[in-house]
Structures are given as C-alpha cells and as structure tokens.
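The structure under discussion appears below in the form of structure tokens.
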Amino acid sequence: MALLPRNEHFYQLFLDHIDKSVQAAGVLAEAVDKGNGQLDAAAAKISKLEQEGDEIIHEIYVRLNRTFITPLDPEDIHSLSSSLDDVLDGIEECIHRIVAYQIQIIPPPMVELCRIILRCGRTLERAFTALSRNASLTEDCIEVNRLEQTADDVGREAVSLLFSTERDCIRLIKLKEIYDLLESTVDHCEDVADALQNVIVKNS
C-alpha cells in the first residue's frame, strides 16, 4: 500500500529545490578545496542558484494556497519548504562570508565541513526521491543525523585548535564565525531530515 497519495507537482518541486542545494554545495566544496582564486566566481554561481531556489519555494507556496487536497499536510509542506530554504540560504551565507572576510588560506577543517554539507545534500536528495516514489527514506534521514554529529565533532576540534594556535585575533574571529555558519548549515540539513521523518511518522 502506498504511504502517500500521488501528487507529482509538490514532489517535483521539492526535488528541484534540493537539486539547487546540491549544486550550490558542490560549488562551495570545490571552491574551498581549490582556494581563493575560485571563491568570487563560486559566490556568483551560488547566488544565482539561491535565487532560483527562492523561485521554487514561491511556487510551492502558490500551489499550496491553490490546492484543496494536498499530498501531505499543509504544515508539513510548509515545514519542508522552510527547512530546504534555510539550507540553500546557509550555503550562500557561508561562501559570501568567506569572500567578504578575504580568507586567503582555507583551513582543512573548513574544507571538510563543506564536504559534509555536500554529502548531506546528496543524502537528502535520495530521501526526497524516495518520498516521491513512496519508498523508504529512514536510512537516508539517519545518515543525515550521523553527518550532523560528524560535523559537530569536526567543528569542535577546529575551534579548539583555532583558539590554541591562532595568534591573529581578527583572523580567529573570522574563522570562528565561518565555522559556526558551516555547522549551522549542516544543522539545517538535519532539520530537513527531521521534517521528513515527521512526515513518515504521521502517514504511517
């Protein structure tokens, strides 16, 4: 028996949006890996993806207001949309802060956190694909939770190392703030996974 009634419009819009997040996370991860020369161009690409993502969220809300019977509870559609929007906004804020603060040398833990964001995005993409097919997505949600814990560990260790080795107070403040933003973006990914799990519980 199908878990959820079919409605391709909302499912496809979710998939379209998470695709933008995966693209943006990929651009971010590649840019920090290659270094400062890639960051300005990456910021422009991510800004464009974020604007496209906003248009998709707007379309979801328009359809939500016009659809009498939705495939999910309206509050769940709103929760998923809001959480997805936070992920893409977070990615954009991370790259713009790195550029604005002129971080010339990207620390390895920062690169690792960006890779974790990309892995979260790809995992969420699988989860939304499963949702659209009425397939199980529990393992994908668990994986996002695991990645969030990994990001916490990486972030804590990075900040600890930062305070014990960095002698430039301004650079310390800049890097600490970027680490916090990266971890917050991973947290937003976990919020999406939690919203998905809530949908499954309510419809099981």
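Laboratory data are not the source of any read-out in this text; all were calculated from the coordinates shown. Values in this document were obtained by computation on a predicted structure and should not be read as measured data. Every residue, glycine as well, gets a Cβ built from its backbone with ideal geometry; the counts of neighbours run over all protein chains shown.
Using a cut-off of 13 Å between beta-carbons, work out the net charge of the residues near Leu64 (Lys and Arg +1, Asp and Glu -1, Leu64 not included).
Neighbourhood net charge equals -2.
GNM, the chain, Cα, under 10 Å: largest mean-square fluctuation among Asp194, Asp73, Asp85? Looking only at Asp194, Asp73, Asp85, the largest GNM fluctuation is found for Asp73. Measuring between alpha carbons in the structure, the pairs from Lys20/Lys202; Lys20/Lys176; Lys34/Lys202 lying more than 32 angstrom apart are Lys34/Lys202. Each residue of segment 176-181 was assigned a 3J(HN,Hα) from its phi angle through the Karplus expression (A = 6.51, B = -1.76, C = 1.60, θ = phi - 60°), giving 4, 5, 5, 4, 4, 5 Hz with x at Gly and Pro. Rounded to the nearest whole Hz, the Karplus-based 3J(HN,Hα) values (6.51 cos²θ - 1.76 cosθ + 1.60, θ = phi - 60°) of segment 148-153 follow the sequence 5, 5, 4, 4, 4, 5, with x at glycine and proline.
For the chain, find the longest principal axis of its Cα atoms and tell me its angle to the long axis of helix 8-34, 0 to 90°, nearest 10. Approximately 10 degrees, to the nearest 10.
Which one of Leu72, Leu147, Leu161 has the biggest mean-square fluctuation once the chain is modelled by GNM with Cα springs under 10 Å? Most flexible of the set in this elastic network: Leu161.
The angle between the Cα long axis of helix 39-66 and the main principal axis of the chain comes to about 20°, on a 0 to 90 degree scale.
Can you tally the net charge around Leu137? Count Lys and Arg as +1, Asp and Glu as -1, for every other residue whose Cβ sits under 13 Å from the Cβ of Leu137. Local net charge: -3.
Sorted largest first, the spans of the alpha carbon positions of segment 9-203 along the three principal axes are 59, 30, 22 Å.
Lacking any other cysteine beta-carbon closer than 4.7 Å, the following Cys residues of the chain have no compatible partner: Cys94, Cys114, Cys141, Cys169.
For segment 9-203, the residue among Ser184, Ile200, Ile116 whose Cα projects farthest onto the positive side of the dipole built from Cβ charges is Ile116.
Would you work out the charge dipole size for the chain about its Cα centre, treating the Cβ of every Lys and Arg as +1 and the Cβ of every Asp and Glu as -1, and quote it to the nearest 20 debye? Don't skip to the answer; put the middle values down first.
On the way: 20 positive and 37 negative charges, 75 e Å.
In total the dipole reaches around 360 debye.
What FRET efficiency comes out for the pair Asp153/Glu177, r = Cβ-Cβ distance, R0 = 22 Å, nearest 0.05? Efficiency, from the Cβ-Cβ distance: 0.70. Within the listed set Glu112, Glu52, Glu157, the Gaussian network model of the chain (springs between alpha-carbon atoms below 10 Å) gives the highest mean-square fluctuation for Glu157. Residue separation of Asn203 and Glu139 scaled by 0.36 nm, minus their Cα-Cα distance, works out to 21.3 nm of gained length.
Please identify which residues in segment 181-204 have an amide N closer than 14 Å to a label point set 7 Å out from the Cα of His78, following the Cα→Cβ vector. Inside the label zone: nothing.
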